[in-house]
Amino acid sequence: MSDRGPLDGRVALVTGAASGIGRATAVRLAADGAVVGCLDRDGAGARVVAAGVAQVGGRAVGLAADVTDPVAVAAAVDQLAAEVGHATILVNNAGVPGGGRFTDVTFEAWRRVLDVHVDGTFHVTQAVLPGMTEAGWGRIVNICSEAVWLGNQSVQYVTAKAALVGFTRALGYQLAPSGILVNGVAPGPVDTPMLRDNDPEAIEAELASVRIGRFLEPEEIASTVAFLVGPGGDGYVGQVLSPNGGTVFIG
């Protein structure tokens with residue numbers, strides 16, 4: 001892994017970086033030259049990912065924080081700034097699944113999904129924004145979901161991801177004049193531990209919906225993120241790209 005690339009000199013922060021899309025994104029941004037803060041509530045897992053990046057010649061820092069805890073988030077962002085510099089790239093990826101029919105969902109279960117996806121994104125974005133504003137440059141990518149258009153997952157999960165689409169568009173509109181571009185990525189079915197936690201019948205049904213005949217890989221979602229935060233994404237504001245393998249056609 002070379003320290004020369006389209007993101008050379010940039011510092012990135014990826015949440016939910018210990019596995020799945022977050023891990024793949026951290027590895028990809030480091031390969032493109034960024035120094036990457038790998039943040040996860042599983043601090044040991046985040047440090048494993050950071051160590052893996054270092055083993056192939058990249059630079060990364062493992063950070064432990066639950067994104068629903070604004071004090072812990074602020075401390076992690078400050079730690080990253082002290083060690084390698086302020087993050088000017090942010091990927092809000094941390095998330096949890098939601099399950100059950102709406103009539104069976106408790107308010108606690110509802111709040112947990114919204115707390116992580118929506119409030120967590122709020123906390124991390126607010127903590128990182130001052131550094132971007134000072135630099136006069138920033139890239140924020142929010143990981144949304146195709147479920148916003150399909151409506152085929154739990155009500156609380158779809159609601160949370162739909163909120164992120166609105167957040168992406170409104171914040172993108174506000175921040176673009178200051179050099180900070182905000183966009184989203186809404187993946188289709190991706191072969192991650194979260195997907196494999198479903199029962200075999202559900203997994204087969206999910207696979208049958210994908211026109212390319214296979215699940216996407218986390219690295220493919222990471223490539224879309226890398227495009228948006230790299231030079232190719234300079235003209236995108238408040239957009240949500242959906243690498244989904246043909247499960248939904250967004251017009």
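Just a few scattered comments:
- Out of Val77, Val73, Val49, Val61, sole residue that is modelled with pLDDT of 95 or more, within 21 Å of Ile221 (Cβ to Cβ) and touching a helix residue (DSSP H, G or I) at 6+ places or on another chain (Cβ under 6 Å): Val49
- Whichever residue in the range 135-169 is free of Cβ contacts under 8 Å to residues at least 40 places away in the same chain and in a helix (DSSP H, G or I) and, among such residues, is surrounded by the most Cβ atoms within 10 Å (Cβ to Cβ): Val148
- Set side by side, the residues Gly172, Gly188, Gly184 differ, and just one is in a strand (DSSP E or B) and either within 13 Å of the chain's Cα centre (by Cα) or surrounded by 17 or more Cβ atoms within 10 Å (Cβ to Cβ) (or both), which is Gly184.
- Selection within the range 42-56 - in a loop (DSSP other than H, G, I, E, B) and out of contact with any Ser or Thr (no Cβ under 9 Å at 6 or more places or on another chain): Val56
- Residue tally, condition assigned to a loop (DSSP other than H, G, I, E, B), on the phi > 0 side of the Ramachandran plot and under 13 Å from the mean Cα position of the chain (by Cα), over the range 1-35: 1
- Single match in Gly235, Gly251 (criterion: more than 14 Å from Val91 (Cβ to Cβ), assigned to a loop (DSSP other than H, G, I, E, B) and at pLDDT 95 or above): Gly235
- Filter result for Val84 (surrounded by fewer than 24 Cβ atoms within 10 Å (Cβ to Cβ), over 24 Å from Ala163 (Cβ atoms), touching a residue at least 40 places away in the same chain (Cβ under 8 Å) and not hydroxyl-bearing (Ser, Thr, Tyr)): yes
- Asp78 being in a loop (DSSP other than H, G, I, E, B), closer than 16 Å to Val124 by Cα and acidic (Asp, Glu): no
The values are calculated or read from the model by the stated rules, or taken from the named source; none is laboratory data. Quantities reported herein were computed from a predicted structural model and do not represent experimental measurements. In this analysis, Cβ positions are derived from the backbone assuming ideal geometry, glycine residues included, and neighbour counts consider all displayed protein chains.
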